[in-house]
Amino acid sequence: MNNGSTSGDLAESLRVLLSGLAPGDRLPSSRELVKRYRVGPATVARAIAALAAEGAVVTRPGSGTYVAERRARPHEEAAADLSWQTVALTDRAVDTRLVADPLGPAPAGAVSMDGGYIHRSLQPTRALSAALARAARRPDAWDRAPAGGLAALRAAFGHLVGGVSPEDVLVTAGGQSALSIAFRAVAGPGSPVLVESPTYPRALAAARAAGLRPVPVPLDADGLRPDLLADAFAMTGARLLYCQPTFQNPTGAVLAPERRRQVLDVARAAGAFVIEDDFARHLGHGGPVPRPLVDEDRDGTVVHVTSLTKPAAPSLRIGALVARGPVMERMRAVRLVDDFFVTRPLQEAALEVLGSPSWERHVRALGAALRERCAVLADAVAREVPGAAFSAPAGGLHLWVRLPAGVDDAVLTSAARQRGVVVSAGGRYFAAEPPAAHVRIGFAAAADHAELAEGARRLGSALSDLSPGRG
C-alpha cells in the first residue's frame, strides 16, 4: 500500500486481517500498521475509528485495539415471518418505483446518462471545501440554527428570487425536501394536484406520499397550456398546481412570456396555489433566463422552490421555499415536525459560496460547459439513433427524445444497459398513460464529450438490437 492510499483502503485491508483473528485478539499497534501498510498515522487513526464505529473492533486506551465479539447479522439469523406487515401497511403511500431505478445499480463501466447532477469535474469542489472548512471553524458552528434558516442565508435567497423579504423564505435541506414540505402543507390527503405532463418523477412521488392525486395537464414547446389548465381546474376542483416554468424537467421547455401571466390568472381564479419548482435557475446555457413566476406574483399565489444542489454538488443539500401569508406559517410548522432545522455548518458554507465572487464565475462557466455538452450529445444522438426526435434545450441537464414508432422505452433502456449506457425510460415521467415512447438522456453526469458520444453510439446499437431492420 502506498502513501496515496485512503483510510477506506486501509479499513478494507484491516477487515481482511480481522477475518483471520478471533474475538478478543489484539490488532497490531498503530506504529506497526503504519510500517506494514506504508501509510500515515492519521490514516491509521481514521481507519480504526471507522472499524470501531461499525462494531468490528473495540479500542482500549493505553492497551490497544481488539477484535470485537461478532454478532449474528439479521440475514444470518433464521428468517422471521414478516407477512403481518402486509396487513398492517394497508395504504401504499410511497411509490418507490418513481424514486428508485427499477433496473437497479448501473453495471460497471457503463456511461451514466440518466443522472440529475453535474459531473464532479463541473462542480466547484475547491470553493465548496474551503467554504465548509471556514464554516466549521466558526465558534457557533455547532449551535442550533434557527428553524427558518440563518437570517443572512434567507436574505441571500430572497435576493436571488427578486427582492423577497427574508421573513418570506424558509431554508430547506434541498429541493426535494422543499417539495415534500410544500405538498403536505398546501393540500390535504385525497386532494387533486395538477401537474405538467410529463413532469419530474420524484415530485409525483412526493405528492403521492402526501396523499395527493396527481392529475396531468399537457404542455407543448411553449410550456404548460393555460387553456387546458383552466379546464383541469374546473373539472377537478383542484387547489394546487405543480409546475417547472424554466427549463422544465424532462422536456427543457420554458413557459412562454404570454403564458406566464395567464397561468397565474387561471390559478388565482380557481383559488389555487402554484408550486413553482425553479430547480434550473442556475442551469441556463448562456442565454437570458426569465424571472421566476414568484417575481410577478402579487397575490400570494406562488410557493417558490429553489435549490443550490443542481448547479453545485449533490451533497450541498440546501434549498429554500419562498411564500407569503398563512401558507408560510403552515410550511414552517411542517418543517418543525420533520427535522427542526438544516444543519448550521452546511448553511454557513452555502452562504459563503453564494457570497463569493467565484459563484457567479462558476455559474457562467457551468452554463458554457452545459451548452457544449448539449450540442455534442444532440449531434451524437442525431447521428447514432435513427428516427429519434428532439429539440435541444436552452438550459437544464437533459435531452428529451421521442423514440421511433413501435419502440418500447422500458425495453430499450434495459437493452441499453446491456450495451453499457444508462438512460431513463420516459414512461415514469407521466402521471397517466404516456402519449408516446420517450427516453431522457442526460449530458451533465458523463465524464466528458467522448463519453457522451460513446453513450449515444451504445444507445443506437441497443436500438438496432431491438429493430435489426433499422440499421
Residues within segment 292-307 that are part of a loop (DSSP other than H, G, I, E, B) and either under 15 Å from residue 370 (Cβ atoms) or touching a Gly at 6+ places or on another chain (Cβ under 6 Å) (or both), tallied: 1
- request: Give segment 127-160 a look and list any residue that's within 21 Å of the chain's Cα centre (by Cα) and over 13 Å from residue 351 (Cβ atoms), or say none.
  value: 129
- prompt: If you check residue 291 against the conditions, is it in contact with a strand residue (DSSP E or B) (Cβ under 8 Å, 6 or more places away or on another chain), modelled with pLDDT under 95 and outside the structural domain of residue 365 (by TED's automatic domain parsing)?
  reply: no
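So that you can scan it fast, the table gives a plain yes or no per residue for (1) free of Cβ contacts under 8 Å to residues at least 60 places away in the same chain; (2) in the same structural domain as residue 304 (by TED's automatic domain parsing); (3) not polar (S, T, N, Q):
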residue	(1), (2), (3)
320	no, yes, yes
324	no, yes, yes
335	no, yes, yes
344	no, yes, yes
367	no, no, yes
375	yes, no, yes
381	no, no, yes
field: Options 39, 44, 58: the member that is at pLDDT 85 or above, more than 30 Å from residue 424 (Cβ to Cβ) and part of a strand (DSSP E or B)
entry: 58
message: I need the full set of residues from segment 416-429 which are buried (at least 20 other Cβ atoms within 10 Å of the Cβ) and of a type outside the set (Lys, Arg), in order please.
response: 416, 421, 422, 423, 424, 425, 426, 429
message: Among (1) modelled with pLDDT under 95; (2) of a type in the set (Phe, Trp, Tyr); (3) not in a loop (DSSP other than H, G, I, E, B), there is one condition residue 341 misses while meeting the rest; what is its number?
response: (3)
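Results for (1) in contact (Cβ under 8 Å) with a residue 40 or more places away in the chain; (2) farther than 14 Å from residue 64 by Cα, shown as yes or no for each residue.
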| position | (1), (2) |
| --- | --- |
| 19 | no, yes |
| 24 | yes, no |
| 32 | no, no |
| 40 | no, yes |
| 49 | no, no |
| 52 | no, no |
field: Test: residue in segment 220-234 that is touching a Phe, Trp or Tyr at 6+ places or on another chain (Cβ under 9 Å) and under 23 Å from residue 438 (Cβ atoms)
entry: no
query: Does at least one position in segment 272-280 carry a residue that is part of a loop (DSSP other than H, G, I, E, B), out of contact with any strand residue (DSSP E or B) (no Cβ under 6 Å at 6 or more places or on another chain), acidic (Asp, Glu) and closer than 26 Å to residue 171 by Cα?
result: no
query: Within the set of pairs 6 or more residues apart or between chains, which connect a residue that is outside the structural domain of residue 444 (by TED's automatic domain parsing) and part of a loop (DSSP other than H, G, I, E, B) inside segment 121-140 to a residue that is surrounded by 14 or more Cβ atoms within 10 Å (Cβ to Cβ) and of a type in the set (D, E, K, R) with Cβ atoms less than 8 Å apart?
result: 138/348; 140/344
statement: Apart from one, (1) under 30 Å from residue 180 (Cβ atoms); (2) among the basic types (Lys, Arg); (3) modelled with pLDDT of 90 or more all hold for residue 92; the odd one out is (3)
- line: Of the residues in segment 382-410 that are in a helix (DSSP H, G or I) and under 25 Å from the mean Cα position of the chain (by Cα), the one that is surrounded by the most Cβ atoms within 10 Å (Cβ to Cβ) is 409
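The values are calculated or read from the model by the stated rules, or taken from the named source; none is laboratory data. Model, not experiment: these values are computed from the prediction. Backbone-built Cβ (ideal geometry, glycine too); neighbour counts: all protein chains shown.
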